[in-house]
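Just below is one structure, and these are the notes that go with it.
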Amino acid sequence: MAEQSPNRAVRQRCCVLPGEVRLGPEAAAVLSQDLRLLADPIRLQILDILAERGGEVCVCDLESALPVKQPTVSHHLRLLHQAGAVSVVRKGLWAYYRIVPSDMEARRSRLLTYLQSLSTDTQPVEAMHGLRFA
């Protein structure tokens, strides 16, 4: 006779039923986009430099501080800007970048809430702390 799991009652289903998924497709897509944006070492270094400086940083300073060529720096800055994580101001020939605090706070809140839910919570992710995935 097979042993029964101590956490499962007799005849209890072991499968996830429709409607029992905590993380819906929209929320999963938003979290995935957040993680993808932050999953590159160069983008993390760019964000770290911008956060350390606390204000606008010239693209020329970013290019000299990073171990990649100018086109790669520009590519990553474009992705960060398109995602709303950084803003850019053009002054003459140069572009100056800064972190958008409200965007980074929203990403931090979403990711932190979701990661905490993986180990401590059984509520639907969208319902936690009034979290919005938009």
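Every number in this text was worked out from the coordinates using simple rules, so none of it is lab data. Predicted model only: the values in this text are computed from it and were never measured. No Cβ is skipped: glycine too gets one built from the backbone with ideal geometry, and neighbour counts run over all protein chains shown.
Computed from label points 7 Å out along Cα-Cβ, the spacing between His75 and Arg36 is 1.5 nm. Highest mean first, the peptides 51-57, 95-101 sorted by other C-beta atoms within 10 Å per residue fall in the order 95-101, 51-57. The length gained by stretching the chain between Arg98 and Leu23 to full extension, at 0.36 nm per residue less their Cα-Cα distance, is 23.8 nm.
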